[in-house]
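To start, I am sharing the structure in question, which I have written as structure tokens.
The values are calculated or read from the model by the stated rules, or taken from the named source; none is laboratory data. This one's a predicted model, so the numbers in the text were calculated from it and none came from an experiment. Heads up, the Cβs are rebuilt from the backbone with ideal geometry, glycines too, and the neighbour counts pull from every protein chain shown. Ligands, DNA and RNA are excluded from the accessible area calculation, which covers all protein heavy atoms including side chains. Shrake-Rupley method; radii C 1.70, N 1.55, O 1.52, S 1.80 Å.
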Amino acid sequence: MDIGAEMYAQAERMYPICRSITGNGVRETLAIIREHIQIDIHEVPSHTKVFDWTVPREWNIRDAYIKNEKGERIIDFKDSNLHVVNYSVPINKKLPLEELKAHLYTIPENPDWIPYRTSYYDDTWGFCLSHHQMQSLEDGIYEVFIDSDHSDGNLSYGELLIKGETEEEILLSAHICHPSLANDNLSGIAVLTYFAKYLQSISHRYSYRFIFAPGTIGSITWLASNEDKIDRIKHGLVVSCLGDAGNPTYKCSRQSEAEINQVIEYVLENSGGEYSIEKFSPYGYDERQYCSPGINLNVGLLERSKYGTFPEYHTSADNLDFIQPKYLQESLELIKNIISVLEANKTYINMQPKCEPQLGKRGLYSAIGGDLDKATKQLAMLWILNQSDGSKSLLDIGRVSSISFELLHQTALLLEEHDLIK
Ligand code: ZN
């Protein structure tokens, strides 16, 4: 199987599980991730204070339905876990259609789709159904049943640190709280899982911290419990919506000049494909927490189609047909490219800064192989030597010189070998 198909297969296995911000669905999902990579699974007790928030009680659900007067299950949680408003309180009662309707949610503009709704912090219940299903409901008495519970338990999240040559970290984070939704949630989990596997096969200078946590409350919980580690995180990405046919979309981290923003701009510019880059905004996924002013990490958001902009978003149409192995694969390759530039984008210091060092006596005039002409290679050396005063990275030098990052990277390695920069 190719990697795209493997990531798709992982998404396929996770798809039927009823996830939420807490509960057994999250644990089952973490267990599937753990079959691939050795994440640690953390359990944080309900009622734990995490900054201005409190870890909620744990939610679990076993069954739910609406029955008509004939006793037929006309809406059944077992057909789709989107049918129940996520975090619904238990209910078991009979009520007339008019009263029931106050608890039903549909999407009139896409009448065959079931919406995805949550009610984490209000004690309420509800059902989601297609608009066609709703229109077919006749007057009468309905039986509603939700076998769920909110109990003192835990919030679960997964974490993996893959150590590099330095303690400086790159944070990669995906939310794991959506039930049967493929692009928004499962695509990000699958791509990060396989990126972690890939990282374990190469050498790297950064250490990489992977966080698989429920949206919002999960990243807040991690940040509140790990304030001592925040300084080590130099760059980061939140990922979501990585499996659809759309082009890459990147939302910059809060500090617009951050290296991660520059690197991704460079990689997308040179990808040969269409893409879009957006400025930071305080709405979206967990980058909102990582980029809050008191945390202020350089964490951006990488997606294909942007959340909220495609009609399938947060509906039953964000299913396994909406994502494809080849797009998961493209997203994985994109992350690999971003990381390879970040890994190589060092800031050097010229060790012979007083006038130009004599390159000829070191045999450096024709030392770089390949097809590029001698003059460009020499120019690359001169640019690096001139700009490497500790304030400019290779990417900065690429910008002012218009020399490709790859050539600058090769040239820097060569100059380093000859002790001209470090
Ligand atoms: Zn979502």
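Tell me, yes or no, whether the stretch 238-247 has at least one residue that is more than 16 Å from the ligand (Cβ to nearest atom) and within 18 Å of Leu171 (Cβ to Cβ).
Scanning the stretch 238-247, I find no residue that is more than 16 Å from the ligand (Cβ to nearest atom) and within 18 Å of Leu171 (Cβ to Cβ), so the answer is no.
Related question: Before we move on, is Glu278 away from the ligand (no atom under 16 Å from the Cβ), open to solvent by 10 Å² or more (accessible area, probe 1.4 Å) and either at pLDDT below 95 or over 18 Å from the mean Cα position of the chain (by Cα) (or both)?
Against the criterion (away from the ligand (no atom under 16 Å from the Cβ), open to solvent by 10 Å² or more (accessible area, probe 1.4 Å) and either at pLDDT below 95 or over 18 Å from the mean Cα position of the chain (by Cα) (or both)), Glu278 does not qualify.
Same structure, new question: Of all residues in the stretch 158-190 being away from the ligand (no atom under 16 Å from the Cβ) and among the β-branched types (Val, Ile, Thr), which is most open to solvent (accessible area, probe 1.4 Å)?
Filtering the stretch 158-190 for residues that are away from the ligand (no atom under 16 Å from the Cβ) and among the β-branched types (Val, Ile, Thr), the one most open to solvent (accessible area, probe 1.4 Å) comes out as Thr166.
Could you list, in sequence order, all residues of the stretch 261-275 that are crowded, with 21+ Cβ neighbours inside 10 Å and in contact with a helix residue (DSSP H, G or I) (Cβ under 7 Å, 6 or more places away or on another chain)?
Val263, Ile264, Val267
Conditions (1) in a loop (DSSP other than H, G, I, E, B); (2) not assigned by TED's automatic domain parsing to the domain that holds Gly158, marked per residue:
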site	(1), (2)
Gln10	no, no
Ile21	yes, no
Arg27	no, no
Ile32	no, no
Ile37	yes, no
Ile41	no, no
Val44	no, no
Glu69	yes, yes
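Looking only at the stretch 282-322, which residues are crowded, with 19+ Cβ neighbours inside 10 Å, of a type in the set (Gly, Ala, Ser) and over 17 Å from the mean Cα position of the chain (by Cα)?
Selection gives Ser316, Ala317.
Check the stretch 159-171 and report whether any residue there is within 22 Å of Ile3 (Cα to Cα) and modelled with pLDDT under 95.
Scanning the stretch 159-171, I find no residue that is within 22 Å of Ile3 (Cα to Cα) and modelled with pLDDT under 95, so the answer is no.
Looking at (1) within 16 Å of the ligand (Cβ to nearest atom); (2) of a type in the set (Asp, Glu); (3) open to solvent by 50 Å² or more (accessible area, probe 1.4 Å), which is the only condition Asp139 fails?
For Asp139, the failing item is (1).
Next up: So, in the stretch 408-422, how many residues would count as being open to solvent by 10 Å² or more (accessible area, probe 1.4 Å) and touching a residue at least 24 places away in the same chain (Cβ under 8 Å)?
The qualifying residues number 7.
Let me ask another. What tally of residues in the stretch 125-156 results from selecting those that are within 24 Å of Thr221 (Cα to Cα) and in a loop (DSSP other than H, G, I, E, B)?
2
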